[in-house]
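> Before we start, here is the structure in question, set down as structure tokens.
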Amino acid sequence: RAAAPLAAALALSAGLVLADRPALEAVWRPFEFVEAEDSPYGQLVVVRAADQMTLYDNGLAVFSRPDPGAAEDTVHFALLQRETAGRVLLIGGAAGGAVEEILKYPGATVDGVELDPAVIRLSRRHLPAAAVAALDGPRVRLFARDGRSFLERAAGPYDAVLVALPDPATTQINRYYTREFFAAVRAKLVPGGVLGFTLTGGENYVGAAAARLLASVVRALEEVFPGGVRLVPGDRVVVLASDGPLTVDAATLSARLDRLGLQTRHVSPAMLPFRLDPGRVERLEKTLASAGREARANRDLVPVSTYFQAQLWASQFAGPGRGLVDAAAEAGPFWLLDLPLIAAAVVLLVLASVWRGSPVRSLVPVAVMGFTTIVVEVALLIAFQANFGYVYGKVPLLLAAFMAGLVAGGALGRRRKRSGRADLALVQAGFVLLLAATYATLRGAGGEALPFVLLGLFGLLGGYLFVSANRLVMQSRPHPGLAYGIDLAASFAGAVLAAALLIPLFGIAALVLRLAVLNALCGLYLLVLGRTA
């Protein structure tokens, strides 16, 4: 009888394991589910459609095989800019066919970098023998590291840096389309070296959402390579950058293909005159120039391209939400950051007058605390991702640090038998100081440990404030769930607004500064209440 719970738990666990594959097969229909693997960086899934295999990482398509067009676009428009391909750094896409295309160039060597070693390990089991042989060849070195960290620590310059990653749908991928990354690339390129990557475009027409996405990345690129950016139209636009001359002239590139004797199917002398028609190139450049007036440059801590990528995805669907998404993209910081802050100040002033003699006024700092702590959690997760390259496996630990602080803060609040508004005002001052520390260390100063410490301290102050404020509220309204409901509502609003809107459009630093002002205003609100009580 005593062993019954253990037996039931084991039976349930076994059932869940056995049900995993049928569940994944149902999720991935109508594709043929082949294999899945969980790693510290995410879930990898291999599916098939007819004779084509596709690898997904956390739901994003990493590469498909065979897809010679994608591999050729990634490689040849960039390497044909050079007299010799030389030393090439390939970030992502090593198993997607780009390596085989690079090896067509005499003397070229490849350093292929994948963050997740499981990508190569899983791909090998499903690649054709020739592709596996290419990856194992003497001219190829594969590294399981963060691409940006590898680039910054790499010895010696590269002739070309190629990025074969999906569009910036996540902050992890967005790190490879930012001004900071482009600056790191330029520092590691030989004079006249080339950076190349592709983004969603359109064969003959680039819609407004895709144009904003392209423009935000190109604007960041032009800040690092002024006057050295060229575009190749297509379903996926090829973006090239260099401090030397670049050409998108079909005759010139065709002559170089013939001279090298390269065998290609899509980037070929027969196709280049259509792909590089001067009218198409000019039309694409004008479209991006027009969109660039609205698009901001993409940065590590202002990941605006992730918003435009979401806008591009949303443009495929009809509904009233599309108008809001488009309007937010065109709004400035005054309308979405400063005006709400001014409105909050007015509301606090009104509440200080209306609730002058009511303990319910202590609900205001609870709402501010809930909004602040959840926004800080989101901001620090994104900053951790941007600075250190991975966050998937760290999320439980980062959240555990915050929860541990909450527990400790709640315990301290319970030990203090009496709480007043002076206590709450002091906690608000603590929030302002922590937000100042967060702002000062957003670029990774303090290393990987500091975000854990900051989240623990935010949790400590939040737990103490919640217990103390709830005690004051309970003096007149014995409803234990009232403060908790206010906390949850404010946290919900903060999570949605910060992650989906405010951080992508205006950046972490701008939002943290406004949070500091909001908490200072809340502290003044409490001091005013204390003087009028």
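> Just to check your reading of the model, which residue among Arg299, Arg283 is assigned to a helix (DSSP H, G or I) and basic (Lys, Arg)?
Arg283
> How many residues are among the aliphatic types (A, V, I, L, M), part of a helix (DSSP H, G or I) and over 18 Å from Phe197 (Cα atoms) when one looks only at region 83-131?
Going through region 83-131 one residue at a time, the tally reaches 7.
> Among the residues of region 269-277, is any farther than 17 Å from Asp73 by Cα, more than 21 Å from the chain's Cα centre (by Cα) and surrounded by 15 or more Cβ atoms within 10 Å (Cβ to Cβ)?
No: region 269-277 contains no residue that is farther than 17 Å from Asp73 by Cα, more than 21 Å from the chain's Cα centre (by Cα) and surrounded by 15 or more Cβ atoms within 10 Å (Cβ to Cβ).
> Quick one: in region 145-159, of everything that is closer than 20 Å to Ser242 by Cβ and touching a strand residue (DSSP E or B) at 6+ places or on another chain (Cβ under 6 Å), which residue is modelled with the lowest pLDDT?
Gly147
> Spot the failing condition for Gly393; the list is (1) under 24 Å from the mean Cα position of the chain (by Cα); (2) part of a helix (DSSP H, G or I), and only one is missed.
All conditions are met except number (2).
> What number of residues within region 132-157 satisfy the criterion of being in a strand (DSSP E or B) and either surrounded by fewer than 17 Cβ atoms within 10 Å (Cβ to Cβ) or within 26 Å of the chain's Cα centre (by Cα) (or both)?
Within region 132-157, residues that are in a strand (DSSP E or B) and either surrounded by fewer than 17 Cβ atoms within 10 Å (Cβ to Cβ) or within 26 Å of the chain's Cα centre (by Cα) (or both) number 4.
> Only one of (1) in a helix (DSSP H, G or I); (2) under 17 Å from the mean Cα position of the chain (by Cα); (3) free of Cβ contacts under 8 Å to residues at least 60 places away in the same chain fails for Ala220. Which number is that?
(3)
Residue-by-condition table, conditions (1) outside the structural domain of Ala211 (by TED's automatic domain parsing); (2) within 23 Å of Ala210 (Cα to Cα); (3) within 25 Å of the chain's Cα centre (by Cα); (4) among the acidic types (Asp, Glu):
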position: Gly228; (1), (2), (3), (4): no, yes, no, no
position: Val232; (1), (2), (3), (4): no, yes, no, no
position: Asp235; (1), (2), (3), (4): no, yes, yes, yes
position: Val238; (1), (2), (3), (4): no, yes, yes, no
position: Gly244; (1), (2), (3), (4): no, no, no, no
position: Asp249; (1), (2), (3), (4): no, no, no, yes
position: Arg256; (1), (2), (3), (4): no, no, no, no
position: Arg259; (1), (2), (3), (4): no, no, no, no
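> Residues that are at pLDDT 95 or above and assigned to a loop (DSSP other than H, G, I, E, B): does region 303-310 have at least one?
yes
> Being outside any helix (DSSP H, G or I) and in contact with a Phe, Trp or Tyr (Cβ under 7 Å, 6 or more places away or on another chain) is true for just one of Leu24, Leu55. Which residue is that?
Checking each option against the conditions leaves just Leu55.
> Can you confirm whether Glu114 is without any contact (Cβ under 8 Å) to a residue 60 or more places away in the chain, within 24 Å of the chain's Cα centre (by Cα) and in the same structural domain as Arg148 (by TED's automatic domain parsing)?
It is true that Glu114 is without any contact (Cβ under 8 Å) to a residue 60 or more places away in the chain, within 24 Å of the chain's Cα centre (by Cα) and in the same structural domain as Arg148 (by TED's automatic domain parsing).
> Tell me the residue from Leu442, Leu450 that is outside any helix (DSSP H, G or I), closer than 15 Å to Ala379 by Cβ and modelled with pLDDT of 85 or more, please.
It is Leu442.
> Let me ask you something else. Could you run through region 488-508 and say how many residues are buried (at least 18 other Cβ atoms within 10 Å of the Cβ) and either under 20 Å from the mean Cα position of the chain (by Cα) or within 15 Å of Ala383 (Cα to Cα) (or both)?
Residues in region 488-508 being buried (at least 18 other Cβ atoms within 10 Å of the Cβ) and either under 20 Å from the mean Cα position of the chain (by Cα) or within 15 Å of Ala383 (Cα to Cα) (or both): 12 in total.
> If I ask for residues that are within 16 Å of Ala495 (Cα to Cα) and either free of Cβ contacts under 8 Å to residues at least 24 places away in the same chain or in the same structural domain as Asp146 (by TED's automatic domain parsing) (or both), which ones from region 382-398 would you list?
Val395, the sole residue that qualifies.
> Of all residues in region 123-141, which are in contact with a helix residue (DSSP H, G or I) (Cβ under 9 Å, 6 or more places away or on another chain) and of a type in the set (A, V, I, L, M)?
Passing the criteria: Leu127, Ala130, Ala131, Val132, Ala134, Leu135, Val140.
> Does Thr198 satisfy being among the β-branched types (Val, Ile, Thr) and surrounded by fewer than 22 Cβ atoms within 10 Å (Cβ to Cβ)?
Taking the combined requirement at face value, the residue does not satisfy it.
> Next question. Checking the structure you have, find out if any residue of region 244-264 is buried (at least 16 other Cβ atoms within 10 Å of the Cβ), hydroxyl-bearing (Ser, Thr, Tyr) and part of a loop (DSSP other than H, G, I, E, B).
yes
> OK, next. Looking at Gln475 and the list (1) within 24 Å of Asp300 (Cα to Cα); (2) surrounded by fewer than 16 Cβ atoms within 10 Å (Cβ to Cβ), which single condition is not satisfied?
Unmet for Gln475, out of (1) within 24 Å of Asp300 (Cα to Cα); (2) surrounded by fewer than 16 Cβ atoms within 10 Å (Cβ to Cβ): (1).
> If I go through region 435-456 residue by residue, how many of them are in contact (Cβ under 8 Å) with a residue 40 or more places away in the chain and either of a type outside the set (Ser, Thr, Tyr) or over 15 Å from Arg514 (Cα atoms) (or both)?
Counting residues in region 435-456 that are in contact (Cβ under 8 Å) with a residue 40 or more places away in the chain and either of a type outside the set (Ser, Thr, Tyr) or over 15 Å from Arg514 (Cα atoms) (or both) gives 12.
The values are calculated or read from the model by the stated rules, or taken from the named source; none is laboratory data. Bear in mind that the values here come from a model prediction, so they are computed numbers and not experimental data. Please note: Cβ atoms are built from the backbone with ideal geometry, for glycine as well, and neighbour counts cover all protein chains shown.
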